[in-house]
1. Going through LYS86, LYS70, LYS55 one at a time, which residue ends up being surrounded by fewer than 15 Cβ atoms within 10 Å (Cβ to Cβ) and not polar (S, T, N, Q)?
2. Go through the range 10-120 and tell me which strands (runs of 3 or more DSSP E), entirely inside it, have 1 or more residues that are within 30 Å of ASP137 (Cα to Cα).
3. Does GLY131 fit the bill of being closer than 30 Å to ASP24 by Cα, surrounded by fewer than 16 Cβ atoms within 10 Å (Cβ to Cβ) and touching a strand residue (DSSP E or B) at 6+ places or on another chain (Cβ under 7 Å)?
Amino acid sequence: MHILGTLMLIICLAGYALGSCPTDEYPVGSECCPLCRRGSHFVNDCSMENHSSTKCSRCPDGTFQAGRNKEKQCSTCSCVAGLGLKVKRSCSSTSDAVCETLDGFFCSDSNGGGCRAAQRHTVCSPGHYIGQRGTADKDTECLHCTDGTFSNGTSSSCQNHTKMEIDIKDGDPEPGVEPRLPSNRECLSCTNQGPTRTSHNYPCCYYG
């Protein structure tokens, strides 16, 4: 090992003397030191005087280094299960973890075939319909119902209001007195959120 380490340093010095270090090494003064291998981080430079190569240390659990490097610390694994994410591929000392979204969520920040952050699919409010259901990559698309239609927000289309004439006898009612209606009808106020009960306005009537 002593002879091998000396030979490595001689090769490094030869490369540096030619003007640059090889791609898997880095310059330190008049020397070229080997970069740390993937899965490890830098501790100390190599030394011709001490006949020692670059000192590296393995990445601790939960961290990684994907390539040769001279970083003093390994990178923290980015995928943390929870908040709409689940682990697709676990972290190792040489590669980051990969997350994917849980059902009902979409990825709001993607990276390298995985996802760093997720958000819950939007729930369409009454008066809107689902134009496109949410996927792992896109949020739900909610579209507004047009005049004369309504939706409670859970359907993929709006429904037309059913309009029926009010059968009022004896002419118009007196102020403050509701009109008399057949017993099998119920009058409601029509909006794009659906019919709602009202005591003074009768634009839409439904059979009850």
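Please treat every number below as a calculation from the coordinates, not as lab data. Because the structure is a prediction, the values reported are computed rather than measured. Every residue, glycine as well, gets a Cβ built from its backbone with ideal geometry; the counts of neighbours run over all protein chains shown.
1. Numbers: LYS86 fails: surrounded by fewer than 15 Cβ atoms within 10 Å (Cβ to Cβ); LYS70 fails: surrounded by fewer than 15 Cβ atoms within 10 Å (Cβ to Cβ).
Going through LYS86, LYS70, LYS55 in turn, the sole match is LYS55.
2. Values: elements: 25-28, 31-34, 40-44, 55-58, 85-89, 98-101, 105-111, 114-120.
Passing ranges, in order: 85-89, 98-101, 105-111, 114-120.
3. Numbers: closer than 30 Å to ASP24 by Cα: no; surrounded by fewer than 16 Cβ atoms within 10 Å (Cβ to Cβ): yes; touching a strand residue (DSSP E or B) at 6+ places or on another chain (Cβ under 7 Å): yes.
The answer is no for GLY131.
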